[in-house]
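Remarks on the structure that follows.
The values are calculated or read from the model by the stated rules, or taken from the named source; none is laboratory data. Because the structure is a prediction, the values reported are computed rather than measured. In this analysis, Cβ positions are derived from the backbone assuming ideal geometry, glycine residues included, and neighbour counts consider all displayed protein chains.
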Amino acid sequence: MDKQRHDTEERKMIKELVEEQEWLEGFPIMNELRTQLSERTYLDFLRTMREEGYKMFALYQNDQLVALAGISILTNFYFGKHVFVYDLVTKSSERSHGYGKELLAHIHHYAKEKGCGIVALGSGISNIDAHRFYETKMGYEKIAYSLIKVI
């Protein structure tokens, strides 16, 4: 049993998605989080976001994409240089296997490598399960509300 588990872990990989074909492979999973996006809108936004510094990382298990994270490195007065996580989603059929935790740990390491002191993220008010995950499993703290005004 341990050998089987070890073999499965060896087939896990995290990589940055940089080619359009890779982005398309990630669309169905991102669409589970960002349900308003069509494939075309997703690609159009992603091209622009990449120009602005957005990076998308994918976790593969046995050559199957199972989780995505979208980040940017930013600098502001209140966090200094930091990584902001815009998107973190695990394929619905693959949840509760630790993939989100592993992908977020990868982002923490990436942030340190890039000289960032903080990883920040936003989460919808009603997403209680995500809040519990971030706070109890990943050590995040609620420090602010994010407010918007549609204009």
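Per-residue answers, yes or no, for (1) over 22 Å from residue 135 (Cα atoms); (2) surrounded by 14 or more Cβ atoms within 10 Å (Cβ to Cβ); (3) hydrophobic (A, V, I, L, M, F, W, C); (4) touching a Lys or Arg at 6+ places or on another chain (Cβ under 7 Å):
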{"residue": "14", "(1), (2), (3), (4)": "yes, yes, yes, no"}
{"residue": "22", "(1), (2), (3), (4)": "yes, yes, no, no"}
{"residue": "46", "(1), (2), (3), (4)": "yes, yes, yes, no"}
{"residue": "82", "(1), (2), (3), (4)": "no, yes, no, no"}
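What pairs can you find where one residue is in segment 104-126 and more than 13 Å from residue 71 (Cα to Cα), the other is surrounded by fewer than 17 Cβ atoms within 10 Å (Cβ to Cβ) and at pLDDT 95 or above, and their Cβ atoms are less than 7 Å apart, with a gap of 6+ or different chains? Cβ pairs passing all conditions: 115/81; 117/80; 117/81.
For segment 74-96, the count of residues that are of a type in the set (Lys, Arg) and part of a strand (DSSP E or B) is at least one. Name the residue that is farthest from residue 127 (Cα to Cα), counting only residues in segment 1-41 that are part of a helix (DSSP H, G or I), modelled with pLDDT of 95 or more and of a type in the set (S, T, N, Q). The qualifying residue farthest from residue 127 (Cα to Cα) is 21.
Taken together, the residues in segment 114-130 that are surrounded by 15 or more Cβ atoms within 10 Å (Cβ to Cβ) and at pLDDT 90 or above amount to 4.
Note on segment 19-76: residues that are touching a helix residue (DSSP H, G or I) at 6+ places or on another chain (Cβ under 9 Å), of a type in the set (D, E, K, R) and over 26 Å from residue 102 (Cβ atoms) total 2.
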